[in-house]
Amino acid sequence: MHWQRTSAMATEFEVALPVEGPSIVAEESLEIVRECEARWSRFRPDSYLAFLEREAPKRACVLDPDGFDLFDTALRVFRESDGAFDIAWRSAGGSSAEIELDRRARSVRFHAPLALDLGALAKGHALDLSRAHFAARGVERALLHGGTSSIAAIGSGWKVALAGSPRVVELSNECLSVSGQRGRAHVVDPRTKSPVERAGIAWVRAQSGLVAEAWSTAALVLGYVPACAAIRAHGFEERDHDPT
């Protein structure tokens, strides 16, 4: 098994392929990760996210299909989680309720000034695009991760230890996201703008890295029982939470 890696989104991304040496397709997938960081980082004034924060409150801005899918997923989970996941949580007095998508025009408009934080969602987006690139290049088996908490599997039989838990999960052509905190609270409840005091981890696996990332974050905010109810209501086959 050969590993290739890059630094992006304040973490390490790695790709594992069943080959003996460096792989061009692996490097191409890591370049996709770096491009996602450049496009969606809130820390870069030249990112497209920064452009949207400047322009979308004034006019509708066109998104490419992948960007539209990113915002569409974020808004869907915002609604389905009753606001427990919100990419606009940093906004003063605003929320994702101020974001409007136009499917016909494939555009986005903000009805108030917003400060967006895609956070782990951008990692899930990068993994989804990398998986699609592997599929297009005919790769049948690979494992990708961003900081070990965001994982995408191509092929079956990948056994992954959950960060912060003794559990091992077997992945087959799917994505896994783990959200958690221990010690100092760093996860914020978007509805109250206050730290989530509970410790533990929440993990979700889904066919999409975007969906897994959004729901694992929402699950940690909601807590075990509400998270189970919400995730079951929206068709997930498996979820878990370790309230320790």
So which residues in the range 74-103 are within 18 Å of the chain's Cα centre (by Cα) and among the aliphatic types (A, V, I, L, M), if there are any at all?
-> Ala74, Leu75, Val77, Ala84, Ile87, Ala88
Report whether or not Ala105 is in a loop (DSSP other than H, G, I, E, B), more than 30 Å from Leu17 (Cβ to Cβ) and touching a strand residue (DSSP E or B) at 6+ places or on another chain (Cβ under 9 Å).
-> yes
Reported set for the range 77-129 where residues are touching a Cys at 6+ places or on another chain (Cβ under 9 Å) and under 30 Å from Asn173 (Cα atoms) is Ala122, Lys123, Gly124, His125, Ala126, Leu127, Asp128, Leu129
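Please enumerate the residues belonging to the range 15-34 that are in a helix (DSSP H, G or I) and open to solvent by less than 20 Å² (accessible area, probe 1.4 Å).
Within the range 15-34, Val25, Ala26, Ser29, Leu30, Val33 meet the criteria.
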In the set Ala218, Ala142, Ala135, which member is at pLDDT 90 or above and farther than 24 Å from Pro18 by Cβ?
-> Ala218
The strands (runs of 3 or more DSSP E) lying entirely within the range 127-218 that contain at least 1 residues which are open to solvent by 40 Å² or more (accessible area, probe 1.4 Å) are 158-161, 168-171, 200-206
State yes or no: is Glu80 surrounded by fewer than 18 Cβ atoms within 10 Å (Cβ to Cβ), under 24 Å from Leu220 (Cβ atoms) and acidic (Asp, Glu)?
-> yes
Unmet criterion (only one of (1) open to solvent by 10 Å² or more (accessible area, probe 1.4 Å); (2) assigned to a helix (DSSP H, G or I)) for Gly67 = (1)
Only one of these is closer than 27 Å to Arg109 by Cβ, more than 18 Å from the chain's Cα centre (by Cα) and at pLDDT 95 or above: Glu55, Glu28. Name it.
-> Glu55
Kindly establish whether Asp82 is not hydrophobic (A, V, I, L, M, F, W, C) and not in a helix (DSSP H, G or I).
-> yes
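For every residue, the table says whether it meets (1) acidic (Asp, Glu); (2) touching a helix residue (DSSP H, G or I) at 6+ places or on another chain (Cβ under 6 Å); (3) within 30 Å of Gly157 (Cβ to Cβ).
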residue: Glu27; (1), (2), (3): yes, no, yes
residue: Arg44; (1), (2), (3): no, no, no
residue: Phe51; (1), (2), (3): no, no, no
residue: Phe78; (1), (2), (3): no, yes, no
residue: Trp89; (1), (2), (3): no, no, no
residue: Gly93; (1), (2), (3): no, no, no
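The values are calculated or read from the model by the stated rules, or taken from the named source; none is laboratory data. What you see is a predicted model; the values in this text were computed from it and never measured. Reconstructed Cβ throughout: ideal geometry from the backbone, glycine too, with neighbour counts over all protein chains shown. Heavy atoms of the whole protein, side chains included, go into the accessibility calculation; ligands, DNA and RNA do not. Shrake-Rupley method; radii C 1.70, N 1.55, O 1.52, S 1.80 Å.
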